[in-house]
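**Q** Could you have a look at this structure, given as structure tokens, before my questions?
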Amino acid sequence: MRKVLKVLVDSRMIILSVMGVSLYLAISQYHISLWYILAAGVITGVIFGKVFCRWVCPMGLMMEMMMNLSPGGKVKQMYMYHKVGCPIAWISGFLNKFSLFSIKINEDTCKNCGICDKKCYIVAMEPVKYSLYKPALKKPGDSYTCSKCLQCVAACPNGSLTYKV
Ligand code: SF4
Ligand code: SF4
């Protein structure tokens, strides 16, 4: 299962490109109501949390491609962190706290190496507030700004982080 997740995470831009272009074509060619898209964002939000922005959304694809072209990694992190301009992002971000799937840590196997935190833009922006493994800090996966890139889970060498029900 971990291997599958890693392949998915490594292929995320390809998945986002296919989904984003397909969704754009569906909206522009078949005039699908944006209410259906909002409903899809809410349903996926209830199940998976805020996955829509970084796995499905055509706007998210365009913005992420622009950020990938920008020279500063910090700018990209800030974009990921402060991205707030869409009702699907608001609702599904709020649902991160309550979604069926969530990022969990097995404290018994965690080696406190910190690799997961290095992968997370939320921790990069607010390292004194958030951590995936430090028990005293808030969990970034529950925060509004986590858009379930799942890089933290894929990077953990011990399999101590999981994304499951
Ligand atoms: S999925 Fe993990 S790495 Fe990505 S933003 Fe959420 S907590 Fe950070
Ligand atoms: S990468 Fe895994 S082992 Fe290392 S601190 Fe994070 S959860 Fe613990």
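**Q** So, restricting to helices (runs of 4 or more DSSP H) that lie completely within region 81-165, which ones have at least 2 residues that are more than 8 Å from ligand 2 (Cβ to nearest atom) and either open to solvent by less than 60 Å² (accessible area, probe 1.4 Å) or of a type in the set (Phe, Trp, Tyr) (or both)?
**A** Where helices (runs of 4 or more DSSP H) fall fully within region 81-165 and carry at least 2 residues being more than 8 Å from ligand 2 (Cβ to nearest atom) and either open to solvent by less than 60 Å² (accessible area, probe 1.4 Å) or of a type in the set (Phe, Trp, Tyr) (or both), they are 87-95, 121-125, 151-155.
**Q** Continuing with the same structure: So which of Val123, Val128, Val75, Val84 ends up being within 29 Å of Met59 (Cβ to Cβ) and at pLDDT 90 or above?
**A** Matching residue, one of Val123, Val128, Val75, Val84: Val123.
**Q** Here is a follow-up. Could you run through region 18-36 and say how many residues are over 21 Å from Leu100 (Cβ atoms) and surrounded by 15 or more Cβ atoms within 10 Å (Cβ to Cβ)?
**A** Going through region 18-36 one residue at a time, the tally reaches 4.
**Q** Which condition breaks for Ala39 when tested against (1) at pLDDT below 90; (2) more than 16 Å from the chain's Cα centre (by Cα); (3) farther than 19 Å from Tyr121 by Cβ?
**A** So Ala39 meets the others, but not (1).
**Q** Turning to a different aspect of this structure: So Met66 passes all but one of these: (1) hydrophobic (A, V, I, L, M, F, W, C); (2) modelled with pLDDT under 95; (3) surrounded by 13 or more Cβ atoms within 10 Å (Cβ to Cβ). Which condition number does it fail?
**A** For Met66, the failing item is (3).
**Q** Is it true that Arg2 is open to solvent by 30 Å² or more (accessible area, probe 1.4 Å) and touching a Gly at 6+ places or on another chain (Cβ under 8 Å)?
**A** It is true that Arg2 is open to solvent by 30 Å² or more (accessible area, probe 1.4 Å) and touching a Gly at 6+ places or on another chain (Cβ under 8 Å).
A quick yes/no check of all residues on (1) β-branched (Val, Ile, Thr); (2) part of a helix (DSSP H, G or I):
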position: Val4; (1), (2): yes, yes
position: Leu8; (1), (2): no, yes
position: Met13; (1), (2): no, yes
position: Leu16; (1), (2): no, yes
position: Gly20; (1), (2): no, yes
position: Leu23; (1), (2): no, yes
position: Gln29; (1), (2): no, yes
position: Ile32; (1), (2): yes, no
position: Leu38; (1), (2): no, yes
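The values are calculated or read from the model by the stated rules, or taken from the named source; none is laboratory data. These numbers come from a predicted model, not from an experiment. Neighbour counts are summed over all protein chains in view; Cβ atoms, including those assigned to glycine, are modelled from backbone coordinates with ideal geometry. Note: areas computed on protein heavy atoms with side chains; ligands, DNA, RNA excluded. Shrake-Rupley method; radii C 1.70, N 1.55, O 1.52, S 1.80 Å.
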